[in-house]
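Nothing in this text is a laboratory measurement; each read-out follows from the coordinates by a stated rule. Remember, predicted model here, so these are calculated numbers, not experimental data. Positions of Cβ are backbone-derived with ideal geometry, glycine not excepted, and every protein chain shown enters the neighbour counts.
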């Protein structure tokens, strides 16, 4: 029996961890014991607790209750708390997801006391170090023992950075093993899409019909905190809705919703608030998000996770950033990088509106990535 310590803190990590926890419960309960540590990076029940409940994720064994704060303060508190738990629990390895401050804190704490690190979603690169997430993922990869990339592009990035395609065990910080394993979020989308259809009433509650609306999500700081970018995004959203007589659904974090009144021009804010085609709703659960993605005509987002989920459900996607880690989506023609550029966003929408067929090649595995990760941990971690 090996003991692994899973670190989660932000909503995407909670969701990703569901796939691994499900695989452990269904296939590896006799050989793997999972200890879950919630850093408290997202502490709002709507953004965190609901996911444990509806996705049937084991409740955390520990909660650091770090909350919000500056990058330095938040990360420092998490490093301190994680280190204490590692010393107490003495796990065989620590499992980290993605690229948040919780990921960075787990990587620093574990690497300092020589606990092997398993990084799920390794190798992704935006090649923009102004993004805190880019720094976090690079630093985590550099001290990991087993690195699981969801895509070939991520695997290739690691090779370009000096990781060996093939090497011999035993694996360690200095002799890491890299994999192209498929995406745990694809595992989840396959598993939960049927559940969402049965359990979610988000469409009927909001008067939405299949294929009759656009889904938009905006949460990155450079989009929400910079008035010029936020105004460009909402000018485009407003114009697309009016000129095409189509509803646009925006699940907004409370912080983002508050910033609309502060950062939009008074005229645009009034226009958005009175536009009945723009439906701003509170943050939604994962199952509700799946229902929205699966039934939307098109997705507009600055979220890396939502970009992928749009692809999983064969929906065109307009990326509201200047770059993406998921370059395969753009290469396939199913996604367009438009940044916070009003003209480019509208141009991308018009292009997708005219296209009859889009290609969605098999990029993210076979839906069994979590099971593969568990097998490799058992094989290579002692």
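Between the Cα long axis of helix 342-354 and the first principal axis of the chain there is an angle of about 90°, rounded to the nearest 10. Averaging the sequence gap over all C-alpha pairs within less than 8 Å and six or more residues apart, then dividing by the number of residues, gives segment 163-265 a relative contact order of 25 percent. Rounded to the nearest 10 degrees, the angle from helix 254-263 to the longest Cα principal axis of the chain is 50 degrees.
Cα-based radius of gyration for segment 190-354, normalised by 2.2 N^0.38 Å, reads 0.97.
Each label point was placed 7 Å from the Cα along the Cα-to-Cβ direction; for residue 114 and residue 245 their separation is 7.1 nm.
Any chance you could check the Cα centroid distance between segment 112-159 and segment 167-197 for me, in angstrom? For segment 112-159 versus segment 167-197, the Cα centre distance is 13 Å. Shape of segment 1-135 from its Cα gyration tensor (a ≥ b ≥ c, root eigenvalues): rounded if a/c is under 1.5, otherwise prolate when a/b > b/c, or oblate? It is rounded, given that a/c, with a ≥ b ≥ c, falls under 1.5.
So how do 16, 356 line up by other beta-carbon neighbours within 10 Å, fewest first?
In increasing order of surrounding Cβ atoms, one gets 356, 16.
To the nearest ten degrees, helix 369-380 and the longest principal axis of the Cα atoms of the chain are 20 degrees apart.
Spin-label model, residue 226 to residue 280: label points 7 Å out along the Cα-to-beta-carbon direction sit 2.1 nm apart.
Between segment 202-253 and segment 51-97, the alpha-carbon centres lie 33 Å apart.
Counting other Cβ atoms within 10 Å as a rough exposure proxy, the listed residues 77, 292 run 77, 292 from fewest neighbours to most. Quick one: order 38, 59 by neighbouring beta-carbon count within 10 Å, fewest to most. Starting with the residue having the fewest Cβ neighbours, the order is 59, 38.
Placing dummy labels 7 Å off each Cα toward the beta-carbon, the span from residue 61 to residue 265 is 5.6 nm.
Mean separation of Cα pairs under 8 Å and 6 or more residues apart, divided by the residue count, gives the chain a relative contact order of 16 percent.
Look at the alpha carbon pairs under 8 Å that are at least 6 residues apart: their mean separation over the length of segment 190-354 gives a relative contact order of 26 percent. Only DSSP H runs of four or more residues enter the estimate; each adds -39500 (n - 2.57), and after division by the residues of the chain the mean residue ellipticity at 222 nm equals -14500 deg cm²/dmol. Pairwise Cα separations in the chain fall into 20 Å bins from 0 onward with the following percentages, short to long: 29, 58, 13, 0.
Please build a GNM for the chain, connecting alpha carbons under 10 Å apart, and tell me which residue among 172, 149, 270 fluctuates the most. Among 172, 149, 270, the largest mean-square fluctuation in the Gaussian network model of the chain belongs to 270. Placing R0 at 30 angstrom, the Cβ-Cβ distance between residue 330 and residue 139 gives a FRET efficiency of 0.70 after rounding to 0.05.
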